[in-house]
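> Handing you a structure now.
The values are calculated or read from the model by the stated rules, or taken from the named source; none is laboratory data. What you see is a predicted model, and the numbers here were worked out from it, not measured in a lab. So basically every Cβ, Gly included, is an ideal-geometry build from the backbone, and we count neighbours across all protein chains shown. Accessible surface is based on the protein model in full, side chains and every heavy atom, while ligands, DNA and RNA are left aside. Shrake-Rupley method; radii C 1.70, N 1.55, O 1.52, S 1.80 Å.
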Amino acid sequence: MRTDPQPEGMAMTDPAPTPPPPRPGEVALPSDPASSADARLQFIGQLRTPWSRGNCPKNLREARERGGDFRAEVAPAFRPGLAGLVAGQTVILLYWTGAARRDLIVQSPAHRDGPCGVFALRSPARPNPVALAVVRLLAIDTGAGSLRFDALDAFDGTALLDIKPWLSSVDIPPDPAP
């Protein structure tokens with residue numbers, strides 16, 4: 001999931017560049033969800049990666065293969081919330097891909113045979129550009145608010161929304177009934 005960096009304090013509704021025309025088979029919404037302000041989110045920090053527009057991997061598998069320094073810097077007010085996290089733990093990161101298109105509801109990605117609904121894709125272009133990464137926490141310095149991960153697939157400076165523990169007892173669906 002790629003995103004442009006947003007400096008601290010920058011509004012999430014700042015206008016994005018004019019999007020390119022849809023590809024064949026793509027469908028845009030009648031209005032851009034970015035123009036509606038019906039939710040308030042607080043960025044808790046920023047992601048630090050070697051990635052920028054043009055060199056960012058398309059997913060975590062590719063980011064792990066390419067390697068790099070992957071960190072989160074948590075703002076001072078939120079650092080007490082890091083208590084209980086430990087190196088080696090798997091965590092879920094939610095982050096804001098605010099520079100991505102928000103008006104496409106059907107996309108035509110290159111890796112698919114045809115158009116597909118946005119909710120069947122991991123694309124950053126979506127009505128609410130929230131990205132998700134399930135990553136391994138390699139190191140943590142709670143005092144400095146610094147966390148190091150095994151991979152990230154976001155632009156350097158991407159806004160961090162939340163960190164949640166990944167729990168096998170909760171996050172793996174049960175086998176379907178016979």
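> Is it the case that region 55-63 has a residue that's touching a strand residue (DSSP E or B) at 6+ places or on another chain (Cβ under 8 Å) and either outside any loop (DSSP other than H, G, I, E, B) or of a type in the set (Gly, Ala, Ser) (or both)?
Filtering region 55-63 for residues touching a strand residue (DSSP E or B) at 6+ places or on another chain (Cβ under 8 Å) gives 60, 63.
Going one step further and asking which of them are either outside any loop (DSSP other than H, G, I, E, B) or of a type in the set (Gly, Ala, Ser) (or both), we end up with 60, 63.
Scanning region 55-63, I find at least one residue that is touching a strand residue (DSSP E or B) at 6+ places or on another chain (Cβ under 8 Å) and either outside any loop (DSSP other than H, G, I, E, B) or of a type in the set (Gly, Ala, Ser) (or both), so the answer is yes.
> Given the conditions (1) under 11 Å from the mean Cα position of the chain (by Cα); (2) surrounded by fewer than 17 Cβ atoms within 10 Å (Cβ to Cβ); (3) not charged (D, E, K, R), report the number of the one that Pro109 does not fulfil.
All conditions pass for Pro109, except number (1).
> Right, another one. Check Ala83, Ala159 and return the single one that is over 21 Å from Arg40 (Cβ atoms) and among the aliphatic types (A, V, I, L, M).
Values: Ala159 fails: over 21 Å from Arg40 (Cβ atoms).
None of the others qualify; the one that does is Ala83.
> Oh, and also: Condition first: within 30 Å of Glu26 (Cβ to Cβ) and among the β-branched types (Val, Ile, Thr). Can you find one or more residues in region 93-105 that meet it?
Just the residues of region 93-105 that are within 30 Å of Glu26 (Cβ to Cβ), to begin with: 93-105.
In the following step, the residues that additionally are among the β-branched types (Val, Ile, Thr) were identified as 97, 105.
Scanning region 93-105, I find at least one residue that is within 30 Å of Glu26 (Cβ to Cβ) and among the β-branched types (Val, Ile, Thr), so the answer is yes.
> Of the numbered conditions (1) assigned to a loop (DSSP other than H, G, I, E, B); (2) out of contact with any helix residue (DSSP H, G or I) (no Cβ under 9 Å at 6 or more places or on another chain), Pro80 fails exactly one; give the number of that condition.
Against the list (1) assigned to a loop (DSSP other than H, G, I, E, B); (2) out of contact with any helix residue (DSSP H, G or I) (no Cβ under 9 Å at 6 or more places or on another chain), Pro80 comes up short only on (1).
> Still on this structure, please answer the following. I'm checking my understanding of the structure. Among residues of region 125-138 that are in a loop (DSSP other than H, G, I, E, B) and open to solvent by 10 Å² or more (accessible area, probe 1.4 Å), which one is farthest from Asp69 (Cα to Cα)? Outline the logic, then answer.
Initial filter on region 125-138 (in a loop (DSSP other than H, G, I, E, B)): 125-129.
Of the ones still in play, those that are also open to solvent by 10 Å² or more (accessible area, probe 1.4 Å) are 125-128.
On the way: Ala125: 25, Arg126: 27, Pro127: 30, Asn128: 27 Å.
This residue is Pro127.
> Please count how many residues of region 52-70 are out of contact with any Asp or Glu (no Cβ under 6 Å at 6 or more places or on another chain), crowded, with 19+ Cβ neighbours inside 10 Å and at pLDDT 95 or above.
Selection size over region 52-70: 1.
> To continue, here is another question. Of everything in region 91-112, what is part of a loop (DSSP other than H, G, I, E, B) and touching a residue at least 12 places away in the same chain (Cβ under 8 Å)? Give them in sequence order. Spell out how you get there, then give the answer.
Here is the first cut: in region 91-112, the residues part of a loop (DSSP other than H, G, I, E, B) are 97-103, 108-112.
Scanning region 91-112 gives Thr97, Gly98, Ala99, Ala100, Arg101, Arg102, Asp103, Ser108, Pro109.
> Can you name the residue in region 139-163 that is within 13 Å of the chain's Cα centre (by Cα) and open to solvent by 40 Å² or more (accessible area, probe 1.4 Å) and is also nearest to His111 (Cα to Cα) among such residues?
So in region 139-163, the residues within 13 Å of the chain's Cα centre (by Cα) come out as 151-163.
Narrowing the set further to residues that are open to solvent by 40 Å² or more (accessible area, probe 1.4 Å) leaves 156, 162.
Working: Asp156: 25, Asp162: 29 Å.
Selected residue: Asp156.
> Please enumerate the residues belonging to region 139-178 that are in contact (Cβ under 8 Å) with a residue 60 or more places away in the chain, among the small types (Gly, Ala, Ser) and not in a loop (DSSP other than H, G, I, E, B).
Ser146, Ala159
> A follow-up question, please. Restricting region 1-42 to residues that are modelled with pLDDT under 55, surrounded by 15 or more Cβ atoms within 10 Å (Cβ to Cβ) and charged (D, E, K, R), which is farthest from Gly157 (Cα to Cα)?
Looking at residues that are modelled with pLDDT under 55, surrounded by 15 or more Cβ atoms within 10 Å (Cβ to Cβ) and charged (D, E, K, R), I get Arg2.
> Given the conditions (1) part of a loop (DSSP other than H, G, I, E, B); (2) in contact with a strand residue (DSSP E or B) (Cβ under 7 Å, 6 or more places away or on another chain); (3) over 21 Å from Pro165 (Cα atoms), report the number of the one that Leu85 does not fulfil.
(3)
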